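The values are calculated or read from the model by the stated rules, or taken from the named source; none is laboratory data. Keep in mind that what you see is a predicted model, and the values were worked out from it rather than measured. Here the Cβ positions follow ideal geometry from the backbone for every residue, glycine too, while neighbour counts run over all protein chains shown. Note: accessible area is taken over every heavy atom of the protein model, side chains too, but ligands, DNA and RNA are not part of it. Shrake-Rupley method; radii C 1.70, N 1.55, O 1.52, S 1.80 Å.
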Amino acid sequence: MTTEVPGLDPDRMVVLSLKPRFAEAILAGDKTVELRRTVPKIVVPTLALLYAATPVRALLGTCVVTSVRSAELAVLWRKYGSRSDLRYDEFQRYFEGVEVGAALTLTEPRSFGRKIPLRDMRVKLRSFRPPQSFAYVDAKTGDQLIRMAS
């Protein structure tokens, strides 16, 4: 999978843990920016695996992170809020207590043919733990997870 999109970071991928509504919005192409309290340290472009958290608890697909920008919250909302699938009150609650956040621009959403439940990932890769927010996986592990969907 890592070789199908030219220029992707060949060494690792990022797993984004998302509320199911946001994972589905990314895969539908309605959400093109993911806002985060912490700036991930990734080389762009990087393949992102989309993990839908409870109650779904499964990998649903992939997208490509093409840019990562950090900014003060007012700037984040003004520049990226309309593409984040968040209401302003949700944005405020999520970023409560921080002054700077990150915007990840997402392209090329691809749904898996079937979702990959957490229990299946743990059978195949015993060390896999879904991240609280995001986590890095090496390309070999990421490719193994993606192959499980076919």
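For the range 76-150, what does the convex hull of the Cα positions come to per residue, in cubic angstrom?
Roughly 145 Å³ of hull volume per residue.
Take every Cα pair under 8 Å in the range 61-140 that's 6+ residues apart, average their separations, divide by the length, and report that relative contact order as a whole percent.
The value is 42 percent.
So what is Rg over Rh here for the range 1-88, counting just Cα atoms and using Kirkwood for Rh?
So for the range 1-88, dividing Rg by the Kirkwood Rh gives 0.96.
Heads up, I need the accessible area for K115: 1.4 angstrom probe, whole protein in place, Å², nearest 10.
Here the residue's solvent-accessible area equals roughly 110 Å².
Quick one: which residues, 5 or more positions from K31 or on another chain, have an amide H under 5 Å from its amide H? H modelled 1.01 Å from N in the peptide plane, none for Pro or chain starts.
I26
Okay, helix-only estimate at 222 nm for the chain: each DSSP H run of n ≥ 4 adds -39500 (n - 2.57), divide by all residues, round to 500 deg cm²/dmol; what do you get?
Mean residue ellipticity, 222 nm, calculated: -7000 deg cm²/dmol.
With a 1.4 Å probe and all protein chains left in place, how much of the accessible area of the range 51-150 comes from carbon and sulfur atoms, in whole percent?
Carbon and sulfur atoms account for 48 percent of the accessible area of the range 51-150.
Going highest first, how would you order 71-78, 99-106, 52-59 by mean Cβ packing within 10 Å?
99-106, 52-59, 71-78
Give me the net charge of P130's neighbourhood, meaning all other residues with Cβ under 11 Å from the Cβ of P130; Lys, Arg count +1, Asp, Glu -1. The partial results should precede the final answer.
Working: positive: R57, R122, R129; negative: none.
Charge balance near P130 sits at +3.
Given just the C-alpha atoms of the chain, how large is their convex hull per residue in cubic angstrom?
Cα convex hull per residue, to the nearest whole number: 104 Å³.
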